[in-house]
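Asks: Input: one structure, supplied below.
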Amino acid sequence: MPFQYGFYELALIFLFWGVAGWLIEVVDMRIEAGEFQNRGFLHMPFCPMYGAGMAAASVGLSGVKNSYLILFAFGMIFCSLLEYVVGGIMERLFHSKWWDYSHMRFNIKGRVCLRNAILFGFASIVVFRFVEPVVERVITRIPINMRILITVAFGIAFMIDLIISARRAWSYRKNQEGDELQLVFKAHR
């Protein structure tokens with residue numbers, strides 16, 4: 001039976017991949033910068049961009065997950081577009097950059113770069129062919145009452161953290177002098 005993408009199932013996909021994305025970012029920056037950096041916008045270990053992207057992609061790709069070419073192209077285009085748009089919104093709202101690829105060749109406004117687009121393509125193949133099916137099997141084994149409880153508890157914690165984090169970023173923006181964008185993290189990505 002194919003996986004059913006209901007509200008609670010998508011919420012759990014959002015939760016799983018938001019945490020997984022945060023871990024990927026932390027490990028990547030530990031390797032690149034040699035130090036721990038909370039790479040997320042939020043206080044909790046969670047990157048909403050990964051969670052939202054995976055929830056949307058899981059539904060959008062449900063009929064084509066067997067095509068390596070489609071998965072690769074999707075990963076390159078969708079993930080790069082998502083990163084570009086979210087980066088632009090955050091720069092505009094908070095006058096800060098959460099990542100900067102301007103030191104990389106073939107970048108666009110430092111928000112996206114060709115190297116990462118290619119990595120997104122390969123990652124999409126690995127994730128959608130091998131990891132996401134396991135995540136979906138685990139989700140189907142969670143009783144519906146537990147799915148609801150997890151979704152509600154996480155939703156409340158997420159909204160509180162989002163409000164607090166947005167206020168912090170807003171405050172940071174107001175304290176910066178001039179109109180120049182500030183890079184939030186020391187190491188360039």
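Asks: Pull up segment 97-136, narrow it to residues that are among the aliphatic types (A, V, I, L, M) and not in a helix (DSSP H, G or I), then point me to the one that is most open to solvent (accessible area, probe 1.4 Å).
Replies: Per the criteria, the residue is ILE108.
Asks: Between a first residue in segment 94-114 that is acidic (Asp, Glu) and a second residue that is open to solvent by 30 Å² or more (accessible area, probe 1.4 Å), which pairs have beta carbons less than 7 Å apart while being 6 or more apart in sequence or on different chains?
Replies: Matching pairs, first to second residue: ASP100/LEU183; ASP100/HIS188.
Asks: Also: Quickly run through segment 49-80 and pick out the residues that are under 12 Å from GLY21 (Cβ atoms) and open to solvent by 40 Å² or more (accessible area, probe 1.4 Å).
Replies: MET49, TYR50, ALA52
Asks: With (1) in contact (Cβ under 8 Å) with a residue 12 or more places away in the chain; (2) open to solvent by 40 Å² or more (accessible area, probe 1.4 Å); (3) over 28 Å from ASN145 (Cα atoms) as the list, and TYR5 as the residue in question, which single condition is left unmet?
Replies: (3)
Asks: For the list (1) touching a Ser or Thr at 6+ places or on another chain (Cβ under 7 Å); (2) part of a helix (DSSP H, G or I), I need the number of the one condition that ILE70 fails.
Replies: (1)
Asks: Taking segment 72-110, which residues are touching a strand residue (DSSP E or B) at 6+ places or on another chain (Cβ under 8 Å) and of a type in the set (D, E, K, R)?
Replies: Once the filter is applied, which keeps residues that are touching a strand residue (DSSP E or B) at 6+ places or on another chain (Cβ under 8 Å) and of a type in the set (D, E, K, R), segment 72-110 yields GLU83, GLU91, LYS97, ASP100, ARG105.
Asks: Let me ask something else. Residue check: is SER58 of a type outside the set (Phe, Trp, Tyr) and outside any helix (DSSP H, G or I)?
Replies: Values: of a type outside the set (Phe, Trp, Tyr): yes; outside any helix (DSSP H, G or I): no.
For SER58, the condition - of a type outside the set (Phe, Trp, Tyr) and outside any helix (DSSP H, G or I) - is not met.
Asks: Specify which of the listed residues (ILE160, ILE156, ILE144, ILE139) is open to solvent by 50 Å² or more (accessible area, probe 1.4 Å), in contact (Cβ under 8 Å) with a residue 12 or more places away in the chain and of a type in the set (Val, Ile, Thr).
Replies: Result of the check over ILE160, ILE156, ILE144, ILE139: ILE144.
The values are calculated or read from the model by the stated rules, or taken from the named source; none is laboratory data. Being a predicted model, the structure only gives us computed values, none of them experimental. Backbone-built Cβ (ideal geometry, glycine too); neighbour counts: all protein chains shown. Just so you know, the surface numbers come from the protein's heavy atoms only, side chains and all, with ligands and any DNA or RNA stripped out. Shrake-Rupley method; radii C 1.70, N 1.55, O 1.52, S 1.80 Å.
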